[in-house]
Amino acid sequence: KAGVTQTPRYLIKTRGQQVTLSCSPISGHRSVSWYQQTPGQGLQFLFEYFSETQRNKGNFPGRFSGRQFSNSRSEMNVSTLELGDSALYLCASSPRTSGGYTGELFFGEGSRLTVL
Amino acid sequence: QQQVKQSPQSLIVQKGGISIINCAYENTAFDYFPWYQQFPGKGPALLIAIRPDVSEKKEGRFTISFNKSAKQFSLHIMDSQPGDSATYFCAASRGTDKLIFGTGTRLQVFP
């Protein structure tokens, strides 16, 4: 079974630009979560999607948005990039069901964003 | 109240030694406590997890100890090996809510 795939793996942007990151979950997984990883801050939760609906949302500004498609693939977008947005963005899929409790997350290798 | 505090930030252990990483939480409603392991260039992967109805769970050389009254849980790595060198994250969640991670511990095991 293929794992979680994230694209692109690396990208460099300048302040003010926007970026879109893509995530393909493990086949059969309908839950996709996004995390931002920075040194010293650990993994900060961005949002979770389940069957195309945002189910949970973290404490990030509105510049951070996401969506999920009918095939469970997900994208996140960051508009008006700031230097502080430089980070590793991790996508994780989960086999959890609609009312299922949080369980194991399967992470991709991440998209490393550098903002200059 | 939603935070999970992890210590130490870094840890150096000799091969064969015991590595201990600690985490503390405030929210008594948390009901799932996993530990994730991350190697450089890779995403985190689940190592071991525990629910609050047990005080200890062991899988091979890895053990979670859980102290509900103190609101603390820890990861013990017995007979630490150089291949265990990685960053370890504790986490916690409540029901169907998001998984909240600690800030991570970088473990280095020297031969």
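How many of the residues in the stretch A:1-48 are at pLDDT 95 or above, in contact with a strand residue (DSSP E or B) (Cβ under 6 Å, 6 or more places away or on another chain) and among the small types (Gly, Ala, Ser)?
Counting residues in the stretch A:1-48 that are at pLDDT 95 or above, in contact with a strand residue (DSSP E or B) (Cβ under 6 Å, 6 or more places away or on another chain) and among the small types (Gly, Ala, Ser) gives 3.
Here are some residues: B:GLN108, B:GLN6, B:GLN14. Which one is within 10 Å of chain A (Cβ to nearest Cβ) and either at pLDDT 95 or above or within 20 Å of A:ARG96 (Cβ to Cβ) (or both)? Lay out the reasoning, then the answer.
Numbers: B:GLN108 fails: within 10 Å of chain A (Cβ to nearest Cβ); B:GLN14 fails: within 10 Å of chain A (Cβ to nearest Cβ).
Being within 10 Å of chain A (Cβ to nearest Cβ) and either at pLDDT 95 or above or within 20 Å of A:ARG96 (Cβ to Cβ) (or both) holds for just one of B:GLN108, B:GLN6, B:GLN14, which is B:GLN6.
Counting only residues that are within 14 Å of chain B (Cβ to nearest Cβ) and loosely packed, with under 15 Cβ neighbours inside 10 Å, which one in the stretch A:8-23 is nearest to the chain's Cα centre (by Cα)? Outline the logic, then answer.
Filtering the stretch A:8-23 down to residues within 14 Å of chain B (Cβ to nearest Cβ) leaves A:9-10, A:21, A:23.
Of the ones still in play, those that are also loosely packed, with under 15 Cβ neighbours inside 10 Å are A:9-10.
Working: A:ARG9: 13, A:TYR10: 14 Å.
Applying the filter and picking the extreme gives A:ARG9.
Looking at A:LEU43, is it buried (at least 21 other Cβ atoms within 10 Å of the Cβ) and not in a loop (DSSP other than H, G, I, E, B)?
On the way: buried (at least 21 other Cβ atoms within 10 Å of the Cβ): yes; not in a loop (DSSP other than H, G, I, E, B): yes.
The answer is yes for A:LEU43.
Please find, within the stretch A:101-116, the residue that is surrounded by the most Cβ atoms within 10 Å (Cβ to Cβ) out of those that are in a loop (DSSP other than H, G, I, E, B) and within 7 Å of chain B (Cβ to nearest Cβ). Outline the logic, then answer.
Of the stretch A:101-116, the ones in a loop (DSSP other than H, G, I, E, B) are A:101-105, A:108-110, A:116.
Checking which are within 7 Å of chain B (Cβ to nearest Cβ) leaves us with A:101-102, A:104-105, A:108-110.
Working: A:TYR101: 14, A:THR102: 24, A:GLU104: 16, A:LEU105: 30, A:GLY108: 23, A:GLU109: 16, A:GLY110: 25.
Taking the candidates together, the pick is A:LEU105.
Within the stretch B:30-46, is even one residue crowded, with 21+ Cβ neighbours inside 10 Å, away from chain A (no Cβ under 14 Å) and touching a strand residue (DSSP E or B) at 6+ places or on another chain (Cβ under 8 Å)?
The answer is no; no qualifying residue exists.
Which members of the stretch A:79-100 meet the condition of being over 20 Å from B:LYS42 (Cβ atoms) and either polar (S, T, N, Q) or touching a strand residue (DSSP E or B) at 6+ places or on another chain (Cβ under 7 Å) (or both)?
Pass one, the stretch A:79-100, residues over 20 Å from B:LYS42 (Cβ atoms): A:79-85, A:95-100.
If the condition is that a residue be over 20 Å from B:LYS42 (Cβ atoms) and either polar (S, T, N, Q) or touching a strand residue (DSSP E or B) at 6+ places or on another chain (Cβ under 7 Å) (or both), then A:SER79, A:THR80, A:LEU81, A:GLU82, A:LEU83, A:ASP85, A:ARG96, A:THR97, A:SER98 are the ones that fit.
Assuming B:GLY95 fulfils every condition listed in (1) farther than 23 Å from B:LYS42 by Cβ; (2) surrounded by 14 or more Cβ atoms within 10 Å (Cβ to Cβ); (3) within 11 Å of another protein chain (Cβ to nearest Cβ) apart from one, which condition is it?
(2)
Inspect all residues belonging to the stretch B:54-74 and state whether any of them is in a strand (DSSP E or B) and within 9 Å of chain A (Cβ to nearest Cβ). Can you show your working first?
Here is the first cut: in the stretch B:54-74, the ones in a strand (DSSP E or B) are B:56-59, B:62-67, B:72-74.
Among the residues that remain, those that are also within 9 Å of chain A (Cβ to nearest Cβ) are: none.
Within the stretch B:54-74, not a single residue is in a strand (DSSP E or B) and within 9 Å of chain A (Cβ to nearest Cβ).
Quick test for you: out of B:THR87, B:THR103, pick the one residue that is of a type outside the set (Gly, Ala, Ser), farther than 27 Å from A:GLN54 by Cα and within 14 Å of chain A (Cβ to nearest Cβ). Give the steps one after another, and end with the answer.
Details: B:THR103 fails: farther than 27 Å from A:GLN54 by Cα.
On inspection, the qualifying residue turns out to be B:THR87.
Hey, among the residues in the stretch B:24-51 that are hydroxyl-bearing (Ser, Thr, Tyr) and in a strand (DSSP E or B), which one's nearest to the chain's Cα centre (by Cα)?
Kept after step one, since they are hydroxyl-bearing (Ser, Thr, Tyr), are these residues of the stretch B:24-51: B:25, B:28, B:32, B:36.
Within this subset, residues satisfying the condition of being in a strand (DSSP E or B) are B:25, B:32, B:36.
Details: B:TYR25: 12, B:TYR32: 12, B:TYR36: 7 Å.
Once the filter is applied, the top-ranked residue is B:TYR36.
Do we have any residue at all in the stretch A:53-70 that's buried (at least 17 other Cβ atoms within 10 Å of the Cβ), away from every other protein chain (no Cβ under 12 Å) and in a helix (DSSP H, G or I)?
no
Here are some conditions: (1) surrounded by 16 or more Cβ atoms within 10 Å (Cβ to Cβ); (2) part of a loop (DSSP other than H, G, I, E, B). A:VAL32 meets all but one. Which one does it not meet?
Result: A:VAL32 passes all but (2).
Assuming B:ASP84 fulfils every condition listed in (1) acidic (Asp, Glu); (2) under 15 Å from B:VAL109 (Cβ atoms); (3) in contact with a Gly (Cβ under 9 Å, 6 or more places away or on another chain) apart from one, which condition is it?
(3)
The values are calculated or read from the model by the stated rules, or taken from the named source; none is laboratory data. Quick caveat, the model's predicted, so the values are computed rather than measured. Positions of Cβ are backbone-derived with ideal geometry, glycine not excepted, and every protein chain shown enters the neighbour counts.
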